[in-house]
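Everything on this sheet refers to the single structure shown next.
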Amino acid sequence: MRPSSRSLPPGRPPRRPTPPGTGPPRRAPHRVPVRAAGPTQGAVPDPLPPPEPVAEAPAPGRNRRRLLLAALAVVGVAVLVVEGIALARTIGSQESARRDVATPLQAPADLPVEGSLVLSRIRADGTVEVTQWIRSTEDITELSVAAPDVGVGADGVSVTGARLVAADGTSLADDLTVTAEPRVVGLESPTTMVRATYVLRGAAEQSGTVRGRVLARAVALDLSFPAQAGPTVVVVAAAGDGVVRNLACANAQSSVALLRPCGTPDGTRWRVRLPPAGRGDVVAAQVDVS
């Protein structure tokens with residue numbers, strides 16, 4: 001190497017060359033550490049979401065069990081419904097039976113201790129609604145029932161809704177058919193009192209001279225029994241605002257239907273008391289129905 005021709009300042013010694021490997025140590029370059037992206041130091045990372053459940057195909061045996069349980073549930077409901085209906089019908093029949101329990105008859109005050117009572121109500125259409133009682137001190141085992149004879153030339157009398165009830169409330173006959181020919185009704189059990197209810201049709205006719213006036217040629221059936229005794233009380237009333245004008249009686253033993261005045265007014269009603277010998281007489285009534 002050639003010596004430098006550059007001149008040194010005065011008083012400064014020349015720099016000696018440094019032998020290789022004897023100079024000061026080199027500093028390593030300062031490097032800034034680079035942090036990797038990620039969660040902040042000290043923070044808890046968010047948990048991962050749970051995996052979606054995977055539906056498993058039901059086993060064939062499980063399907064059969066489900067179908068069997070469903071079928072049993074349907075059958076159980078049907079059984080409950082049927083049992084409920086049966087229970088309701090049973091309760092209904094018991095209530096009906098309770099209502100149908102026979103109630104002993106209560107004799108009206110006008111019924112003789114031994115004899116008969118007829119309560120007749122003449123309606124505007126000419127029909128006669130009747131409640132007829134008979135009472136005896138001896139057992140009644142049969143009854144003779146016949147429609148009244150209202151005279152020659154008149155239309156026959158028909159009876160509807162005829163019903164017979166014994167003293168203990170037992171029904172003896174329902175919707176009894178009655179004609180002019182006497183009919184004997186046998187009683188299964190003897191009784192001392194009978195009540196008959198019915199409606200007479202064809203027993204009344206309109207007056208040809210007075211408008212709204214009706215002549216009822218009969219007000220009751222012929223109801224009798226072998227040991228019958230005592231008088232017969234007949235009470236006649238008019239339905240609504242009608243007025244009973246008078247009563248007339250005809251001797252049942254006479255071949256001539258001759259009417260004679262009978263009875264007396266009793267408030268808005270009329271009544272007549274027939275003696276035992278005349279209990280079969282026919283009672284007629286004249287009524288203004290309007």
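The values are calculated or read from the model by the stated rules, or taken from the named source; none is laboratory data. Not measured: the values here are computed from a predicted model. Backbone-built Cβ (ideal geometry, glycine too); neighbour counts: all protein chains shown.
Brief remarks on what is shown
- Some residue of the range 235-258 being at pLDDT below 95, of a type in the set (Ser, Thr, Tyr) and not in a loop (DSSP other than H, G, I, E, B): no
- Being in contact (Cβ under 8 Å) with a residue 40 or more places away in the chain and of a type in the set (Ser, Thr, Tyr) is a condition met by at least one residue of the range 231-238.
- Yes/no for Val210 being more than 29 Å from Asp174 (Cα to Cα) and either modelled with pLDDT of 90 or more or not aromatic (Phe, Trp, Tyr) (or both): yes
- Checklist (1) at pLDDT below 90; (2) buried (at least 18 other Cβ atoms within 10 Å of the Cβ) applied to Asp155, failing item: (2)
- Restricting the range 271-290 to residues that are of a type in the set (A, V, I, L, M) and more than 23 Å from Ser224 (Cα to Cα), the residue that is surrounded by the fewest Cβ atoms within 10 Å (Cβ to Cβ) is Val289.
- Strands (runs of 3 or more DSSP E) completely within the range 133-209 that count 2 or more residues being under 30 Å from the mean Cα position of the chain (by Cα) and of a type in the set (Ser, Thr, Tyr): 183-201
- Any hit, the range 204-217, residues being surrounded by 17 or more Cβ atoms within 10 Å (Cβ to Cβ), of a type outside the set (Asp, Glu) and under 22 Å from Gly115 (Cα atoms): no
- Given (1) surrounded by fewer than 21 Cβ atoms within 10 Å (Cβ to Cβ); (2) in contact with a Ser or Thr (Cβ under 7 Å, 6 or more places away or on another chain), index of the condition Thr268 fails: (2)
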